[in-house]
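The structure under discussion appears below in the form of structure tokens.
The values are calculated or read from the model by the stated rules, or taken from the named source; none is laboratory data. These figures come from a predicted structure and were not determined experimentally. Here Cβ is always computed from backbone atoms with ideal geometry, including for glycine, and neighbour counts include all displayed protein chains.
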Amino acid sequence: MSLAWSTVVRLLTVCSVLVALAAGAAWAHPAQSETMPGEAVFVVSGRGWGHGVGMSQYGAYGMANAGHSHEQILAHYYSGTEIGQAATQQVRVLLAEGKPAVTVSSAKPFSAIDARGELFKLAPGTLVLRPKLKLPIVDKPRPVKAAPPLLIRPGKDAPLSFDGVQYRGSLELAVQGNYLRVVNFVRLDAYLSGVVANEMPHTWPSEALEAQAVAARSYALANLVKGKPFDLYADVRSQVYRGVAGEKPRTSAAVQATAGQVVLYAGSLATTYYFSTSGGRTASAADVFGTHVPYLLSRPDPWDKASPHHMWGPFLYGARTLQSRLGVADRILDAVGVPTPSGRLRSITVQTEAGSSSVQAALLRTSLGLRSTWVTIGVLRLDQPRETIVFGSPLRLTGLARSLPAPMLSSSPDGSRWTGVGLFQRSTSGIASLVVKPERTLRYRIEVEGAASPAILVEVAPRVQLSRGTGALSLLGTVRPRLAGAPVFIERREGSTWRRVARKTVDTTGAFRAEVARQGEYRASIPATGAYAEAVTAALVVAG
């Protein structure tokens, strides 16, 4: 052996020993291999239905069942208010606009009066009216053109029908270019009779219905539309109004029993917001609308537990789905709620691969179709190790498991059947970790009741060691686990590549032997199988 070659051999041997010592030290502790963020699943659960401000309707139901009067119900939800009286009045309710034609009918004789004050007597039946407003008049051979707007008045005890729906009061038809606008002129309490049963089930206790009637009356009068030729909308922009079809005897009785009653604060009409279900506590106007209103405070609401929406969920959303729904540019890694004092969310902070951003809770609610903003966002995410693990080495798996109980690590060889490994340790911020020592390639995921994170694949390579045998050109190797019958390839370096020069087989003791033809750098490799990743030893110098 030449002096130069002897020096190379000694240096390589020393380096091999140092590498082996370093590797042995690493195997003694959990590997902190660099990870890539895994795919998250977001588990959304919540409480209540609606904006949460004012009177909870299911809370009113519970209070009425507990023996509270409608005055007590209203006093609880609208802090510092009192019941007062408002004069009975007529309101104008927008039923439709932008209609090229409308159908009006009556079972009895009825009439109309136009802008000139001309009175038209109309026979029972159906009219189809267009913007020219030509009316078939009793005892007139030809239709007569009316001057808009036209007020159609009902006959005795015969409500008018507009497009097949009956309404009390009169109907005004105004011309808007080539279209018609239809407005219902109706007494306030008749309007309320067509509202209350659409906002609260008519079978509920009388005191709850009476509280709803007063709240609806107060809300209508406090929110009359300004600057329009009508006072109220017939939909959720005001309150849902369905005319005679929306009336029920018990809700009409509640309107009559509370005739004229309104909610006052400091002598003025209160805007009496109401909604379905609080989930246990109402929200303040400041929390939801951003404006402090002294009578719309957050109030405890233990009476709404009968609601099927008191608590709801969980609903599961993958990271890509949440990204798409919220219109976020990058994959979402985490989402943390920013709560208001009442428990509902003001916003969520979304962490993506590009950074963080804020999403308003109202957008979260509409984008996901949630019942309220009283939401808990749980997250499950198991991060992917970048490197293959050597058999027998401990590995610390990390990820996120926030706002969900008892996160369990589970494993599976093929993703079909899962076995529990152990409970995660968690920090206060939800960072989860658990040390494992996988004995083969496995899939892992975090599980909680009803949800699981997307799985990651942890590849495990056999521990293969190559050393010099007793002969000058002999090699010995060991494989753990003992993969008896597994092929082992002996490879020699040729320039920048490796060439296979022999194929051996692991014996029952987990060992293999080989004789090489000449000196050089050699290594051993075991190809990947379903259970193990490819394993390749460090280079070994054979000096001959």
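Table: residues versus (1) of a type in the set (Asp, Glu); (2) touching a residue at least 12 places away in the same chain (Cβ under 8 Å).
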| residue | (1), (2) |
| --- | --- |
| Gln261 | no, yes |
| Tyr265 | no, yes |
| Thr271 | no, yes |
| Thr282 | no, yes |
| His292 | no, no |
| Asp301 | yes, yes |
| His310 | no, yes |
| Phe315 | no, yes |
| Ile332 | no, yes |
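Please determine, by comparing only the residues of region 467-506 that are of a type in the set (D, E, K, R), without any contact (Cβ under 8 Å) to a residue 40 or more places away in the chain and surrounded by 14 or more Cβ atoms within 10 Å (Cβ to Cβ), which one is nearest to Val541 (Cα to Cα).
Step by step, filter region 467-506, then rank; the result is Arg492.
Please specify each residue of region 190-213 satisfying the condition of being in a loop (DSSP other than H, G, I, E, B) and surrounded by 22 or more Cβ atoms within 10 Å (Cβ to Cβ).
Gly194, Val195, Met200
Can you tell me which residue is nearest to the chain's Cα centre (by Cα) among those in region 451-472 that are modelled with pLDDT under 95 and not β-branched (Val, Ile, Thr)?
Gly469
Looking only at region 82-100, decide whether some residue is within 36 Å of the chain's Cα centre (by Cα), modelled with pLDDT of 95 or more and polar (S, T, N, Q).
No, region 82-100 contains no residue that is within 36 Å of the chain's Cα centre (by Cα), modelled with pLDDT of 95 or more and polar (S, T, N, Q).
I'd like the full set of residues that are in contact (Cβ under 8 Å) with a residue 24 or more places away in the chain and surrounded by fewer than 17 Cβ atoms within 10 Å (Cβ to Cβ), limited to region 427-438.
Ser429, Ile431, Ser433, Val435, Lys437, listed by residue number.
So which pairs qualify, if the first residue must be in region 128-153 and over 25 Å from Pro229 (Cα atoms), the second must be of a type in the set (Gly, Ala, Ser) and part of a loop (DSSP other than H, G, I, E, B), the Cβ gap must be under 7 Å, and the two must be at least 6 apart or on different chains?
Val138/Ala123
Would you mind stating whether Gly392 is more than 29 Å from the chain's Cα centre (by Cα) and outside any strand (DSSP E or B)?
Taking the combined requirement at face value, the residue satisfies it.
Report every pair of residues separated by at least 6 positions or lying on different chains whose Cβ atoms are under 8 Å apart, first residue within region 353-377 and closer than 14 Å to Thr340 by Cα and free of Cβ contacts under 8 Å to residues at least 12 places away in the same chain, second among the β-branched types (Val, Ile, Thr) and surrounded by 14 or more Cβ atoms within 10 Å (Cβ to Cβ).
Matching pairs, first to second residue: Ala362/Thr373.
Given the structure, is Ala533 over 22 Å from Val390 (Cα atoms) and not aromatic (Phe, Trp, Tyr)?
The answer is no for Ala533.
Criterion first (surrounded by 16 or more Cβ atoms within 10 Å (Cβ to Cβ) and more than 18 Å from Gln90 (Cα to Cα)) does Ala158 satisfy it?
Answer is no for this residue.
Of all strands (runs of 3 or more DSSP E) completely enclosed by region 103-174, which ones contain at least 1 residues that are in the same structural domain as Lys228 (by TED's automatic domain parsing) and within 49 Å of the chain's Cα centre (by Cα)?
125-129, 150-153, 160-162, 165-167
For the condition surrounded by fewer than 24 Cβ atoms within 10 Å (Cβ to Cβ) and either not aliphatic (A, V, I, L, M) or not in a helix (DSSP H, G or I) (or both), what is the one hit in Leu264, Leu221?
Result of the check over Leu264, Leu221: Leu264.
Let's see how each residue does on (1) assigned to a loop (DSSP other than H, G, I, E, B); (2) among the polar types (S, T, N, Q):
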| residue | (1), (2) |
| --- | --- |
| Val240 | yes, no |
| Thr251 | no, yes |
| Gln256 | no, yes |
| Ala286 | no, no |
| Lys305 | no, no |
| Pro308 | yes, no |
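Considering each of Thr349, Thr291 in turn, give the residue that is out of contact with any Cys (no Cβ under 7 Å at 6 or more places or on another chain), closer than 24 Å to Gln57 by Cβ and at pLDDT 95 or above.
Thr291
What residue, of Ala216, Ala245, is outside any loop (DSSP other than H, G, I, E, B), within 23 Å of Ser170 (Cα to Cα), without any contact (Cβ under 8 Å) to a residue 60 or more places away in the chain and of a type outside the set (Ser, Thr, Tyr)?
Going through Ala216, Ala245 in turn, the sole match is Ala216.
Could you list all residues from region 398-422 that are free of Cβ contacts under 8 Å to residues at least 24 places away in the same chain and touching a Phe, Trp or Tyr at 6+ places or on another chain (Cβ under 9 Å)?
Val421
Looking at this structure, is Val183 buried (at least 23 other Cβ atoms within 10 Å of the Cβ) and either of a type in the set (Ser, Thr, Tyr) or within 36 Å of the chain's Cα centre (by Cα) (or both)?
no
Tell me the residue from Val9, Val43 that is at pLDDT below 95, over 30 Å from Ala197 (Cβ atoms) and surrounded by 13 or more Cβ atoms within 10 Å (Cβ to Cβ), please.
Sole residue among the options that is at pLDDT below 95, over 30 Å from Ala197 (Cβ atoms) and surrounded by 13 or more Cβ atoms within 10 Å (Cβ to Cβ): Val9.
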